[in-house]
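A short worksheet on the structure shown next.
Every read-out reported here was derived from the displayed coordinates using simple, explicitly stated rules and does not represent laboratory data. Computed from a prediction, not measured in an experiment: that's the story for all the values here. Positions of Cβ are backbone-derived with ideal geometry, glycine not excepted, and every protein chain shown enters the neighbour counts.
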Amino acid sequence: MKIKIDINIKINRVVRFLILSDLFFLGSWSMVQPLFSIFVIEHIKGATLIVVGLIASLYWLVKSLLQIPVANYLDNHDGEKDDFYTLIIALSLASIAAFSFASVTELWHLFLTQFIYAVAMGLYVPSWSGIFSRHLDDKRFSFDWSLDSTVVGLTSCGSAILSGILANFFGFSFVFILVGILSFSSAILIFSVPNLIFPKQKQEEPQIRDHSPANINR
């Protein structure tokens, strides 16, 4: 019995760039997660384990409450221009948060920076997901989503190991600055290829008339 396994990894340009953006952004923030609790306890004046729990709760509360109204707003506006710029704002805010973590010393600064990061993620999830969903390859929806998850997962695996090495030799601030640079690089990557989202109309008909996959009922 012959078993044939045919894996076609060809994907369209927009999905490719969004996955690459996810790799830079989520992959870089994976360096923060293994170290964050230790960073808070060792470097923030007056920080306790209770503060660590409150900081985590603040993130999930703000992100969860924000992303639904943002998603509704984006869904109620035609086109991808609002999604595109919301995504850029999200990545920029995340970059600012990372740079701020590198210099935080007081509790109020810690909570403020975490709030900014939570807002960034509350904007990122609906805007990135909206654009990504509209550009999924026909009949390969599960593959495109799984490919993104796999790429981010493998990158996060390496980032988690790398974070400990970098923090050990160069300190926590170096890790946060690196995360900020990579987050901002993700924004530059998306912003530098707007024609992928807003194709120029060189002919009578636009290059991409409908971003929605053919078999999705909207």
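What ranking of Y59, Y85, Y117 emerges when the number of other C-beta atoms within 10 Å of each C-beta is taken as an exposure proxy, fewest first?
Details: Y59 17, Y85 13, Y117 24.
Ranked by crowding around the Cβ, least crowded first: Y85, Y59, Y117.
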Cα centroids of segment 32-83 and segment 91-119: how far apart, whole angstrom? 10
What full-extension length gain, to one decimal in nm, is calculated for S103 and E42 as 0.36 nm per residue of separation minus the Cα-Cα distance? 20.6 nm
Give a residue-ordered list of calculated ³J(HN,Hα) values for segment 89-99 (Karplus: 6.51 cos²θ - 1.76 cosθ + 1.60, θ = phi - 60°; whole Hz; x for Gly, Pro). 4, 4, 5, 5, 5, 5, 5, 4, 4, 4, 5
How large is ³J(HN,Hα), in whole Hz, for each residue of segment 22-39 in order, when computed from phi with the Karplus curve 6.51 cos²θ - 1.76 cosθ + 1.60 and θ = phi - 60°, using x for Gly and Pro? 4, 4, 5, 6, 5, x, 5, 5, 5, 6, 7, 4, x, 9, 4, 4, 5, 4
Quick one: what do you get for segment 13-196 if you divide its Cα Rg by 2.2 N^0.38 Å? 1.05
Per residue of segment 163-175, in order, report the coupling 6.51 cos²θ - 1.76 cosθ + 1.60 (Karplus, θ = phi - 60°) as ³J(HN,Hα) in whole Hz, putting x for Gly and Pro. 4, x, 5, 5, 5, 5, 9, 10, x, 5, 4, 4, 5
Charge-dipole axis of segment 13-196 as Lys and Arg at +1 and Asp and Glu at -1 on Cβ define it, positive-most pick from I89, F17, G27: G27
List the trypsin sites (Lys or Arg not before Pro) in segment 1-103 that DSSP assigns to loop (not H, G, I, E or B) and whose Cβ has at most 10 other Cβ atoms within 10 Å. Which are they? K2, K4, K10, K45
